[in-house]
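Here, each number is a calculation from the coordinates, and none is a lab measurement. Only a predicted model underlies this, so the values are computations on that prediction, with no experimental measurement involved. All Cβ positions, glycine included, derive from the backbone under ideal geometry; neighbour counts span all protein chains shown.
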Amino acid sequence: MAQRAVWLVRHEPGTPVCGTVRFSRRFPTVEKRAKVFNGASYVPIPEDGPFLKALLFELRLLDNDKVFVESRDSCSRINKTSVYGLSVGGEELWPVVAFLKNGMIYACVPLVEQTLSPRPALISISGISQGLEFLFGMQDFLYSSQKNDTELNTKLSQLPDLLLQACPFGTLLDANLQNSLDNIGFASVTQPQKQPAWKAGTYKGKPQISISITEKCDLEGIMPNVTISLNLPTNGSPLQDILVHPCVTSLDSAILTSSSLDTMDDSAFSGPYKFPFTPPLESFSLCYYTSQVPVPPILGFYQMKEEEVQLKILVNLKLHESVKNNFEFCEAHIPFFNRGPITHLECKVSFGQLEVFREKSLLVWIIGQKFPKSMEISLSGTVTFGVKGHNKQPFDQICIGSTAYVKLHFRILDYTLTGCYADQHSVQVFASGKPKISTNRKLISSDYYIWNSKAPAPVTYISLLP
Amino acid sequence: MGPLSREAWAQRLGAFRMSPSTFMAGAESEDLGRDLLSDLRNEKLSEPTKVSLLALSLEYPDKLWPDALAAEAAATFLLDTLLLLPPRPSALRRPLLLAATTTLLVGGALSPTSGASCRLLPLLLGLALGRDVGRGFGPTSEQRLLQATACECLRELESCKPGLLRGSLGLLRSLSGQAGPIQPLSMLLALVLRNTLVVQSRSGAGLQDLLVAGVFSPGGGSWDWTLAEEADDQLLPQTPSWPAAEKEPGLAGLEPSPEEARELRAAVAQLLDTSYLLTTVAQAQLLWLLGWALRGLRGQSPVIFKPQLARLLGTAQVTLLHSVLALKAAFGEALFTAQDEALLLRRLTLAAQHPALPSPTHLFYLHCLLSFPENSPLGLEGEEAAPLLLGHQLCRSLMPDLLNDPMAFLARLHLLCLLCAEDEEQEKGQVPSPRQYLLELLAGLRQRAALDGSPQDLATLCFQASYLVASCLAMQPSVVKPLIHGLSQLYRARPLLAPRFVDLLDRVGPELGRPLKEVLWQEVVTRPGKGEALCCHLQILEKVAEGGAHRATLNFLQAAAIHCTDWGRQQALLRVCQALLRTGGGDGLADLLQGLARQLEDPDGRDHARLYYSLLVHLAGPKLRVALGPSLATPTLASSLVAENQGFVATLMVQETPPPIRLSVEPHRAKGPLPMLQLQVEVLDPAYSLELRFCVQGQLYAPLKAIHIPCLCPGRPAHPLYLPLQPRRPAPAQLHVQALYTTPTGLTCHAHLPPLTVNFANLFLPFPQIPKGSERDFFERLWDSCLPKGVESCVWCPLGPQGLEALVSHHLEPFVVVAQPPTSYHIAICLPPDSMLLLRLEAAQVDGVPVVLRTNDWDLLPLAGDYIRGLAAC
């Protein structure tokens, strides 16, 4: 269970090599073991240059990747995981765990403690999940609270020292690199017994707990045990698919089994959902859940029809009466893909304002903080497009022809769709001192699409669910 | 080189990291390791710079100190540097310990005879156990960090040299219950415990109180070098992959006493109980390690893991859930009841699509579902399948849709295919059925791929999905038929995808391949195009055209020829012709080729057309196929032209090959007017129309006739061959032999066989027509006729134990004219063209017989002498 090497590669399309290795680290003691375990199937870790080239090729991130290359694109070469085989110097380096996120490619090569031919199943290689966790850890470290390139560079320059702490020999000790950074600072503190390894030090300050239900929970202070209960009102939709943070010490089986995969009935468990845990120092997400609310908060339809040279569009939106009519913001985005720029627009909105981004072929309908009394608003009009410019207008692989959508973006504070809330008085803290407890809730739209009802929408399988 | 500044080092390290091999090939390379070490003690350099120097030595010790000797010296230097540090806090202690450990391990210098090893190990153990390790070893504030580091170093040593810390097991165990950093000590203890179990089990030894606290001796002595001394292949996988690990004997060799079993259980329970204090990745390591360590160990029930499971199942942390799967694989039903298995599958299904998790995690969980270690698996080992308990309901929640990213789409599509394959019978009533949905999805993919200017990724996904469906559901016409129809529509919409169609045709089985070829052919010949589309059509046609029948193909080509104005297109056109030739030609093809040979603008094109025409009219079908088939002369060259040319060369020219047969000369009873060589044939490879050509050196014989054999096959008995010789002089000779033949693939080959030797005795013939009754007179007349032109000589012929009679009957029987066995023989040998050799063998003694010989040919004398002297040895 170890990594042979790890890389961070910046994807830079348009440059000659299309990328640079921003960070790499090899673990020679692990490499030595790999040589013995892999035997004749051993392929050494390449230097950064050849690795970069092979990685970008395999991930199809080179600029000239527009042609069909049988060795990579053949229909029978099906890859269903983020694990790749890279062709380096005529041999295949496998398994390479890699993914691209925010223009950065995270990659590592886990140790496989046996021969690689035949290849063992990924599920039986412990280093795969460890590698993923390692890369997620680096990603979190680089992109948490990071705003610009200077900050990114600072963080990158901290990585060698951090890895000395978090992964000195290729076996990951802690995926939370921020912990390691804090560890350096806390080195001089004499620590009590049984200090969890994931808690970098002791907290000195006023104890406080703040809970925020956007599936997010903030809290600070060293306390052996806290129990938070999430409650639902009588008509609330049950929470399902609950995933908890590893610091949660035990879980009710009803929480464990409540799942969106089941058919809903009245007997479904509806809380209270108790989460006893020992909190880490940093703010963390205590749990994630999903829920199936009976009606969407904003109902609506979208009709778009092509009429000769122009598009005729009609959007109708209606806020459900049970939903709090007090938005932080609410907008409807109406994009037009695979077309030229907007050259002509005749549009009428019953409420709010319309912004036009001609070059981006996009309409943004700003609805604002409140729906009108009637709760119903509409937009109608015609749009004409010019000749498609090269790569200027957005391309989409789904929205072909009349397949189109309106996407809603909104946020409502102090409100949850499920009705879920955390009662301050129900928070149990088993520690000396009385912590300050604060809670808040909010509802944020994520992928809220209304598809054109006059054309086929992308297939969904909902209809097959009984 | 003097001490370098910070900037100079930064530059040098940058250059090294850019490409270590290039740097090491340069002039500066030799000094790097030395400079690096000496600058660790350079007071002008800051600690961060020194840490980055140490970081380099952690990554590339093999480049800096390539052999054991250099590694030993470097480690000694690093340890000295550690001791020289002033007693205030320093950032160097940790990396120095790490670097010394790495250097010894990677350089192969770790051994009981290495001074550095003997210093490092007690130091690490002392630090790990929280003892006072002597003067100036950092302030107390740093101790905890150093303790953790020492544990990590020891863990790495134990990983690379399993069993090394076996003697310290008890000590470590006693310590982990007390103060100290919990994670490093737990992880070290778990590894040492596991390695000890495996090592003791392999050697057949018991646990021998190893679990009970030992006594710490600062001078060492608790190291177990026995295994560390052995070859590297003694490495133990810490987290073995199943199913390979399942076949291992496990720990059957270990038979702990009830006392030991209790002690072991307590140790494991202690580790598990505090595991929640470890980071998630460390918890996962601990579970893998202990799970596979206890598997199959008598007296240890896996139930000990149960309290951890409920806690772990609630999270979707990829390492934790993975370690639960590892426990599942290790213990199966012993730890997971059917209900537990169902719950695990539920959690996995849920995590495979949970919006809070990133895509790589989804993909990994999808893989885990398809390779799930079931309690009672039905499918083949190693083959992806939907677990039985997954059920349709869960399965359906993982259906693909076009909004998935390509990899998730393919993984889910695979699941859908498995569902369709299973459902073949049952689903008739369902509307819409999974199969219907599958077909809609494929149609959606094709629609996207058909989009003008759509990215290559979409086309790749479309063809990969088609391939996946074709390979899972090839036997279901209700899937294959619409798939074929859809693909032909796709080709019509976007002929530019031709290379992908060719690739697909190459990969799929005949169930899809054959009908797809048919519809693509239809698509091409009914829609002739120009420009790029024509190129694509030709590419497809090359793949799908069958010779023999289709007038439509020829018409298409005829029409296309007009648009083939450049070299590239002409070649594409000719490749189709070639494909037709290979598959049987057809009536109109000769006319077409003849036309092309006149009509094409490019001279190369015309030449090719002419060549194909000549081949078509001159060669029979099988030979033609071989002539146009892929070249047998590997490796294939990049250029198709060259490769094609090689094909012709291979077929139309004679190939030089190793001989397909082996020949040997057999003893033969001479008869007739000429000496005859009897040849025995041993067949190595099949050969047809074999012609053997013989050539004798120095014109000793008249030119020899070739022998023809229609067919030779290995394993079938071959008749002997007779080669008549016409000597011009009666002398032995070497025959050079060549074989010319055809292989079963139709190639004409030529081989040189090893030369055959014609011995003197092979030329012997008896005298014909000796008058009956007057043999003695006949011999005497011959005897007298030799002189005075000829010569007489006397030779001693040694006799073997069998005596004269046996010798004569064995070698000279046909030539005896007068015989008075067993003492006297008169022998006359005729040697064409006109020589004779007469022998009188009389008055034999025990060990030999004097032979008087006469011949009419002086030149025969030495040959005859050698022959007679060598007879007994034959």
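Listed values, structure above:
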| read-out | value |
| --- | --- |
| Of A:251, A:380, A:415, farthest towards positive along the dipole that unit charges on Lys, Arg, Asp, Glu beta carbons give chain A | A:415 |
| Among A:30, A:168, A:50 - extreme Cα towards positive end, dipole of chain A, charges at beta-carbon | A:168 |
| Scattering profile of chain B at q = 0.07, 0.09, 0.10 Å⁻¹ [log10 I(q)/I(0), Debye over alpha-carbon scatterers] | -0.93, -1.02, -1.09 |
| Over chain B: helical MRE at 222 nm, DSSP H runs n ≥ 4 each giving -39500 (n - 2.57), nearest 500 | -16000 deg cm²/dmol |
| Chymotrypsin sites (Phe, Trp or Tyr not before Pro) within region B:803-874, DSSP loop, no more than 12 other Cβ atoms inside 10 Å | B:858 |
| Tilt relative to chain B, helix B:434-450 - C-alpha long axis, 0 to 90 degrees, to 10 | 80 |
| Those GluC sites (Glu not before Pro) in region B:361-421 that DSSP places in a loop and that have at most 11 other beta carbons within 10 Å | B:381, B:383 |
| Shielding by partners, peptide A:153-165 (average Cβ within 10 angstrom, other chains) | 2 |
| Alpha carbon centroid spacing (whole Å) that separates region B:742-814 from region B:112-165 | 90 |
| Chain A, relative contact order [Cα under 8 Å, separation at least 6], % | 13 |
| Amide hydrogen neighbours beyond the local backbone of residue A:2, cut-off 5 Å, H modeled | A:111, A:127 |
| Against the rule of thumb 2.2 N^0.38 Å, how large the Cα Rg of region B:269-398 comes out | 1.04 |
| Computed [θ] at 222 nm, deg cm²/dmol, chain A (DSSP H ≥ 4; -39,500 (n - 2.57); rounded to nearest 500) | -5000 deg cm²/dmol |
| Crossing angle, helix B:477-493 versus chain B [Cα axis fit, 0-90 degrees, rounded to tens] | 90 |
| Exposed trypsin sites (Lys or Arg not before Pro) absent - longest run of chain A, DSSP non-H/G/I/E/B, at most 11 other C-beta within 10 Å | A:205-372 |
| 10 Å Cβ neighbours from other chains, averaged over peptide B:387-397 | 2 |
| Positive-end extreme of charge dipole, the protein assembly as shown - chosen from B:5, B:310, A:445 (charges on Cβ) | A:445 |
| Charge dipole magnitude, Cβ of K and R +1, D and E -1 - the protein assembly as shown, Cα centre, debye nearest 20 | 2140 |
| Cα pair distances exceeding 63 angstrom across the protein assembly as shown, given as percent | 35 |
| In Å, descending, principal axis extents of the Cα set of region B:4-91 | 40, 31, 18 |
| Hz values of 3J(HN,Hα) by residue in region B:654-662 - Karplus curve (6.51, -1.76, 1.60), Gly and Pro given as x | 7, 8, 8, 9, x, x, x, 9, 10 |
| Net dipole in debye of region B:257-415 [+1 Lys, Arg Cβ; -1 Asp, Glu Cβ; about Cα centre; nearest 20] | 300 |
| Reach of residue A:32 by Cα under 15 Å, taken over aspartates and glutamates that are not fewer than 8 positions away in the same chain | A:113, B:59, B:62, B:67, B:156, B:158, B:232, B:233 |
| About the Cα centre, charge dipole magnitude for chain A (Lys/Arg +1, Asp/Glu -1 at Cβ), debye | 480 |
| Range in chain B, longest, excluding exposed trypsin sites (Lys or Arg not before Pro) [loop by DSSP; at most 12 other beta-carbon atoms within 10 Å] | B:299-529 |
| Shielding by partners - mean other protein chain Cβ count within 10 Å, residues of A:392-399 | 3 |
| Estimated vicinal HN-Hα couplings, Hz - region B:714-721 in sequence order (Karplus 6.51, -1.76, 1.60; Gly, Pro = x) | x, x, 9, x, 10, 6, x, 9 |
